[in-house]
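Since the structure comes first, as structure tokens, the remarks are kept for the end.
Bear in mind these aren't lab numbers, they're just calculated from the coordinates by the rules spelled out. In this text, all values refer to a predicted model and were calculated from it rather than measured experimentally. All Cβ positions, even for glycine, are placed from backbone atoms using ideal geometry, and neighbour counts span all protein chains on display.
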Amino acid sequence: MIWFRHQTQIGHTTFTKYMYQKCSYNYQMSCISGDGPDDWKQYRFRQFYLDVSDLPATQTTTAERTRCYTDRTTYPQLPPNSIDILCEQTARYVIVETTYDAPEDRYIGAMLEICEVEVYGT
């Protein structure tokens, strides 16, 4: 699970809401170490979801957040290496999670593998 928090220090810690406009997610081969381009496939990039919330992931359930995106890629298909998500919401947190356990993964349990996340807003 990955979550992001922006905080501003002005005498004490305060949390600022931002208008999120776009999030970009990248699963690039240059970020993954291996012997060749076929070593790592983006199957750990399947079926993630992006939520925004005024509270962190540890204090909310998915039902209490605003859902901006759900990847619906299923085995054996692979999602694209780069995904731009429009999410015009005002919130404090961008939360990216998955419950998907890839059948071709040798590890048991849900795992989300993201190389780079860019969040744009005002």
Mind giving me the nanometre distance, one decimal, between the label points for residue 82 and residue 60, set 7 Å out from Cα along Cα→Cβ?
2.8
Sparsely packed chymotrypsin sites (Phe, Trp or Tyr not before Pro) within the stretch 71-116, loop by DSSP, other Cβ within 10 Å at most 16
107
Label 7 Å along Cα→Cβ of residue 104; the stretch 45-68 residues with amide nitrogen under 19 Å?
45-48
Under the Karplus relation with 6.51, -1.76 and 1.60 and θ = phi - 60°, whole-Hz ³J(HN,Hα) for the stretch 42-56, x at Gly and Pro, equal 7, 5, 7, 9, 7, 6, 8, 9, 10, 10, 10, 7, 7, 10, x
Long-range amide H contacts for residue 121: which residues qualify at under 5 Å (H placed 1.01 Å from N, peptide plane, sequence gap of 5 or more or a different chain)?
21
Starting from the amide H of residue 113, placed 1.01 Å from N in the peptide plane, find each other amide H under 5 Å away whose residue is 5 or more places distant or on another chain.
45
Just in the stretch 56-110: which trypsin sites (Lys or Arg not before Pro) are loop by DSSP and have at most 13 other Cβ atoms within 10 Å?
72, 106
